[in-house]
1. Does residue 75 satisfy the criteria of being in contact with a Leu (Cβ under 8 Å, 6 or more places away or on another chain), at pLDDT below 90 and acidic (Asp, Glu)?
2. Quick one: which residue in 44, 15, 36, 23 is loosely packed, with under 14 Cβ neighbours inside 10 Å and not assigned by TED's automatic domain parsing to the domain that holds residue 148?
3. When residues of segment 134-153 are filtered for being outside any helix (DSSP H, G or I) and either under 19 Å from the mean Cα position of the chain (by Cα) or at pLDDT 90 or above (or both), how many remain?
4. Do you know which residues across segment 105-133 are part of a helix (DSSP H, G or I) and more than 19 Å from residue 88 (Cα to Cα)?
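The values are calculated or read from the model by the stated rules, or taken from the named source; none is laboratory data. Predicted, not measured: the structure shown is a model, and the values here were computed from it. Counting neighbours? That spans all protein chains shown, and the Cβs are built from the backbone with ideal geometry, glycine included.
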Amino acid sequence: MGVKIGSLFWIWIAIILLMVMVIGSSLALRHVQSKILPLVISGIVLILAAVALGTETCRGRLSEVTPAAEKGGEEEDFGGSWSRYWVGMGWLAGFLVAIYLVGFLIAMPLFILLSMRRLGAKWLSATLFAGLTTALMHGIFDVLLRITLHRGFLPGLLG
């Protein structure tokens, strides 16, 4: 009996390969300031995708060892529905558009606040987390590393 590969296995492999390519191309950039942001983001995504791949693989092994059908129960769907993935991709696309239009320091707290509220967080905790995360990103990139994050297309037109 072989190991059952979960429905997201190949997606995680593709994301890992894409992040390795992004890291490789980032290392070829000339200036250190140009390298840092892509390396940090792709490194975090690479680690998260590797963890998700490991989880997906373990779930496949777990279903091989203790299939729910043998216990008389129904099999649990670990992959979720595709509509949830489309909603997540819509949120990500909206975040990217917001970064382009209004910049990181406005889009980031809005995205964090709205997504935490959508997932059931209270206003106070969502607002605090959004503010602290934005302050941390501003402190690391703008102040400490002196890397100007994208300020947005609309503020450039207005001022």
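1. Considered against the rule, which asks whether it is in contact with a Leu (Cβ under 8 Å, 6 or more places away or on another chain), at pLDDT below 90 and acidic (Asp, Glu), residue 75 comes out as no.
2. 44
3. Summing the residues that are outside any helix (DSSP H, G or I) and either under 19 Å from the mean Cα position of the chain (by Cα) or at pLDDT 90 or above (or both) in segment 134-153 gives 2.
4. Within segment 105-133, 105, 106, 123, 124, 125, 127, 128, 129, 131, 132, 133 meet the criteria.
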